[in-house]
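The structure appears below as structure tokens.
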Amino acid sequence: MKNELLPPNAVLNTTALTLELSAMPPEREVAGQSRVGAVPLAVLGGCEVGIWELTPGTSTDVEIDEVFVVLAGEATVAFDDGTPALRLYPGAIGRLAAGARTTWTVTETLRKVYLA
């Protein structure tokens, strides 16, 4: 990745980083008017590292393989296959499997750092 936001031997304040948010695609919106945005920071060994944010509302998604750490906000992630829902909060670390069909209910703007 050229011109990485997080080059080697550097620090980035993730709470001060402004993300460009756009409306959730209508086919994914269940309730509310969520806005979503992401910014890739770096690629390490083929794994993208970035920041992702979702504003309050309820929306659906089909996941990719990902590990993430919640930096701010509150949400639950429910799975269509009956897997127990995840409760997300600052400091929580989670993993999502590729192909999982999820419903995200965000009660406080969620920001996470992801590795995918």
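Throughout, read-outs are computed from the coordinates displayed, never taken from laboratory work. Computed from a prediction, not measured in an experiment: that's the story for all the values here. Heads up, the Cβs are rebuilt from the backbone with ideal geometry, glycines too, and the neighbour counts pull from every protein chain shown.
Summary table
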{"quantity": "So VAL30, is it touching a residue at least 60 places away in the same chain (Cβ under 8 Å) and surrounded by 13 or more Cβ atoms within 10 Å (Cβ to Cβ)", "calculated": "yes"}
{"quantity": "Criterion violated by ALA85 - all others in (1) under 12 Å from the mean Cα position of the chain (by Cα); (2) over 17 Å from SER34 (Cβ atoms) satisfied", "calculated": "(1)"}
{"quantity": "Contacts under 7 angstrom Cβ, first residue in region 60-85 being crowded, with 16+ Cβ neighbours inside 10 Å, partner part of a strand (DSSP E or B) and of a type in the set (Phe, Trp, Tyr), 6 or more apart", "calculated": "ASP61/TRP104; GLU66/TYR114; PHE68/TYR114; ALA75/TRP104; VAL77/TRP104"}
{"quantity": "Every residue from region 71-100 that is closer than 25 Å to GLY46 by Cβ and basic (Lys, Arg)", "calculated": "ARG95"}
{"quantity": "Region 38-56 - residue that is closer than 18 Å to THR107 by Cβ and within 12 Å of the chain's Cα centre (by Cα) and, of those, surrounded by the fewest Cβ atoms within 10 Å (Cβ to Cβ)", "calculated": "THR55"}
{"quantity": "Leading residue by the ranking (nearest to LEU110 (Cα to Cα)) among those in region 1-27 that are of a type in the set (Ser, Thr, Tyr) and loosely packed, with under 13 Cβ neighbours inside 10 Å", "calculated": "THR15"}
